[in-house]
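Step one of this worksheet: look at the structure below.
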Amino acid sequence: MSQGMELYDVKVVRYFIIAAVGWAVAGMFIGVVLAAQLYWPSLNFDSEYIQFGRLRPLHTSGVIFGFVVNMLMGTSLYIVQRTGQTRLFNQSLSWMVFWGWQLVLFLALVTLPLGYTTTKEYAELEWPIDILIVLIWVLYAVLFFGTIAKRKVNHIFVANWFFGAFILVVAMIFILNNLAMPVSATKSYSIFAGAQDAIIQWWWGHNAVGFLLTAGIIGMNYYFIPKISERPIYSYRLSVIHFWGLVGFYTWAGTHHLLYSSVPVWVQNIGIVMSLILWLPSWGGAFNSAMTLLQNRPKLKTDYIMWFFMSSILYYCLATFEGPLLAIRWFNMLAHNTEWVIGHVHSAALGWVAMSGIAMFYYFIPRLWGQTQLWSNKLLKCHFWLAHLGIMLYAVALWVAGIGEGYMLLAQQENGSLVYSFVEAMDFKAPWLFMRFVGGCCFVFGLLLMVFNLFKTVSLAKGGTAYAE
């Protein structure tokens, strides 16, 4: 590769990627602590600051807003420059976005363990921090779309379509869901109530998954998968169809979280139908990415970074099969409010999102620091199998626990009384929760191997000059 990254603003990208790696390890380590607390409740040490209810939103916020958003901000600002053949719209603005977002994360790290929370899923931060998030997000949008506007090529590469959608949709749904009446500097109440609040919350909650953890990651992968496979996107037309399919249907699917609730049945049915329709664009996009990798079969046989990408695609297929399945009433009745749902979320979060991020880290970070080879391919292989072992243990344990738990909580005697008590259901789950903890440990240990491997790789860089992509 030729050197020429000095033509682009890369330093801020490096900072975003370093922050993403740090939050990936921290957020997932907190997740392992939580898994341990579920099996050994005494590990909260009777402290109000580290008990499950306060650490859980710190875990989700650390992974979603720390790991994923830093990763997407960094890669989007890199990709929009490369594909537009231009520098960032404003370099100073890029640093404002970076440090502003780290301030948001620091405030989350402080306030959530202290118990300052709105109690809304994936939106627990209180109103002053929400306002800061909106301000930083607007600056990010100006930076991204301003860079697109000054591009030197007519075409807008499809990855930027997905990034643009994730920026706009997340802004819209975050602002609406977090509309609140402050009663003090640290407490507010949603302006919505009852069924309205539930509908708005899951319009946000499901589309935070849809446009942060799905559309944003897809945009990133549509750039890096062709790079690692050294082949063009298998079908560029299919990638555009994939985009419009997700944008057209994903935003309607959130009410499948509210089946058997007081939300009107027709609203529930919209969520069910849209969830089923989403199978088509999701699997179409997965097919497109997989075929892009398969165009270079000789390299795929030996390149474990490509295997990480291929694994992420397979887990994406699994997650987008499970989601519509859980939206079907008869299955939702069995699986909702059980460990199955947790297994579904984490098979997607670890298998799709984290595997994509890991693959990107292994490919991108060395090149950002002027290297094209990893320090140790053996550690890369070890990480690959540790990650798969971790996900397998985690997901299988919670699938088994969830189905068993769902059956036990629904089973009735002829007179209508329950066959099993709640305690009996918890006793059934206990060994599977331990397996979940072991799976999480495997996954986080793999991340530590990655950090060590990448640190050694970057330390070999001479002069810090990155390579052009």
Original post:
Given a 1.4 Å probe and every protein chain left where it sits, what share in percent of the accessible area of the chain is carbon and sulfur?
Top reply: 69
**OP:** Any chance you could check the Cα centroid distance between the range 281-299 and the range 100-129 for me, in angstrom?
**Re:** 38
**OP:** Would you mind checking the tilt of helix 194-208 against the longest principal axis of the Cα atoms of the chain, expressed as 0 to 90 degrees and rounded to 10?
**Re:** 30
Original post:
Any idea what angle helix 127-149 forms with the longest principal axis of the chain, computed on alpha-carbon atoms, 0 to 90 degrees, nearest 10?
Top reply: 40
Original post:
What ranking do 143-150, 407-414, 214-221 get when scored by the average of other Cβ atoms within 10 Å per residue, highest first?
Top reply: 214-221, 143-150, 407-414
Original post:
Taking the Cα centre of the chain as the origin, how large is its charge dipole in debye, to the nearest 20, when only Lys and Arg (+1) and Asp and Glu (-1) carry charge on their Cβ atoms?
Top reply: 1860
Subject >> Bins of 10 Å from zero: percent of alpha-carbon pairs in the range 141-256 >> reply: 13, 35, 29, 16, 7, 1
Subject >> Area projected by the alpha carbon convex hull of the range 115-177, averaged over all directions, nm² >> reply: 4.9
Original post:
Over the chain, what relative contact order in percent results from Cα pairs under 8 Å that are six or more residues apart?
Top reply: 16
Original post:
If you take the Cα atoms of the range 361-429, find Rg, then find the Kirkwood Rh from the mean of 1/r over all pairs, what is Rg/Rh?
Top reply: 1.42
Original post:
Based on Cβ point charges of +1 for Lys and Arg and -1 for Asp and Glu, what charge dipole magnitude is obtained for the range 78-231 about its Cα centre, in debye rounded to the nearest 20?
Top reply: 780
Subject >> Percent of C-alpha pairs per 5 Å bin, the range 282-332, short to long >> reply: 5, 20, 23, 18, 13, 9, 6, 4, 2
Subject >> Reduced Cα scattering model of the range 11-153, Debye log10 I(q)/I(0), q = 0.11, 0.15, 0.16 Å⁻¹ >> reply: -0.46, -0.76, -0.83
**OP:** Go through the range 151-158 residue by residue and turn each phi into a ³J(HN,Hα) via Karplus (6.51, -1.76, 1.60, θ = phi - 60°); whole Hz please, and just put x for glycine and proline.
**Re:** 4, 9, 10, 6, 6, 9, 4, 4
Original post:
Which of the residue pairs K11/K456; K152/K227; K299/K378; K152/K456 have a Cα-Cα distance greater than 25 Å in the structure shown?
Top reply: K152/K456
Original post:
Could you give P(r) for the range 208-261, binned at 5 Å from zero, as whole percent values over all Cα-Cα pairs?
Top reply: 4, 17, 22, 20, 15, 10, 6, 4, 2, 1
Original post:
Using modelled amide H (1.01 Å from N, peptide plane; none on Pro or chain starts), what sits under 5 Å from the amide H of A180, excluding residues fewer than 5 places away?
Top reply: I191
Original post:
For the chain, what log10 I(q)/I(0) values come out of the Debye formula at q = 0.09 1/Å, with one point per alpha carbon and no solvent?
Top reply: -0.60
Original post:
Calculated FRET efficiency, L7 and V110, Cβ-Cβ r, R0 30 Å, to nearest 0.05?
Top reply: 0.15
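The values are calculated or read from the model by the stated rules, or taken from the named source; none is laboratory data. Owing to the predicted nature of the structure, the values given are computational and were not obtained by experimental measurement. Quick reminder, even Gly has a Cβ in these numbers, built from the backbone with ideal geometry, and neighbours come from all protein chains shown. All accessible areas refer to the heavy atoms of the entire protein, side chains included, with ligands and DNA or RNA removed. Shrake-Rupley method; radii C 1.70, N 1.55, O 1.52, S 1.80 Å.
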